[in-house]
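Novice: What follows is a single structure, and I will ask about it in a moment.
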Amino acid sequence: MDIFTIEHIALATGIILLLIGIWGMLTQKNIIKIIVSFTLFDTGIHVVMVAISYIKGKTAPIIGESVTKENAIDKIVDPVPHALVLTAIVIGLGVTALMLVYALNMYKHKKSLDITNFKELKW
């Protein structure tokens, strides 16, 4: 049995991205670096979800010549995790854009991207 299959590599890559993202969010002081770390964390979650939902020997949930209605339950993967990942990608893009707008406003207000320069609760 080969331990380095594509699903194991994808799962390991996703976990590494998760760890790098968490480390960056907790240790960085520059708001842009924190946003990039959040994006890495978000991407890691997506990769892990897709890697976990992969089933060897099964195909995409498309009814056609190779998959008929009668044998579809045995030959296709569950499409829900992939649909959730697509939705999460769109939501992550919106959250990242919002964070970048906040970073731009912070820079306009204080001329700094260092989060230690922001002590007040309001702008």
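The values are calculated or read from the model by the stated rules, or taken from the named source; none is laboratory data. Note that the coordinates shown come from a computational prediction; the quantities given were computed from them, not determined experimentally. Cβ coordinates were reconstructed from backbone atoms using ideal geometry, including for glycine residues, and neighbour counts include every protein chain displayed.
Novice: Give M106, M99 a once-over and let me know the one that is at pLDDT 90 or above and either closer than 30 Å to Y54 by Cα or surrounded by 10 or more Cβ atoms within 10 Å (Cβ to Cβ) (or both).
Specialist: M99
Novice: Collect the residues in the range 84-116 that are under 25 Å from the mean Cα position of the chain (by Cα) and of a type in the set (F, W, Y), keeping them in residue-number order.
Specialist: Listed by number, the list holds a single entry, Y102.
Novice: From the list L26, L84, L98, which one is part of a helix (DSSP H, G or I), over 28 Å from A10 (Cβ atoms) and without any contact (Cβ under 8 Å) to a residue 60 or more places away in the chain?
Specialist: L98
Novice: Can we say D114 is surrounded by fewer than 16 Cβ atoms within 10 Å (Cβ to Cβ) and of a type in the set (D, E)? Explain how you work it out, then say what you get.
Specialist: Details: surrounded by fewer than 16 Cβ atoms within 10 Å (Cβ to Cβ): yes; of a type in the set (D, E): yes.
Answer is yes for this residue.
Novice: Based on what the data block shows, is V47 of a type in the set (V, I, T), surrounded by 15 or more Cβ atoms within 10 Å (Cβ to Cβ) and within 27 Å of D78 (Cβ to Cβ)?
Specialist: Details: of a type in the set (V, I, T): yes; surrounded by 15 or more Cβ atoms within 10 Å (Cβ to Cβ): yes; within 27 Å of D78 (Cβ to Cβ): yes.
When the stated conditions are applied, V47 passes them.
Novice: Between G44, G57, G64, which is free of Cβ contacts under 8 Å to residues at least 60 places away in the same chain, within 21 Å of I9 (Cβ to Cβ) and part of a loop (DSSP other than H, G, I, E, B)?
Specialist: Only one candidate qualifies: G57.
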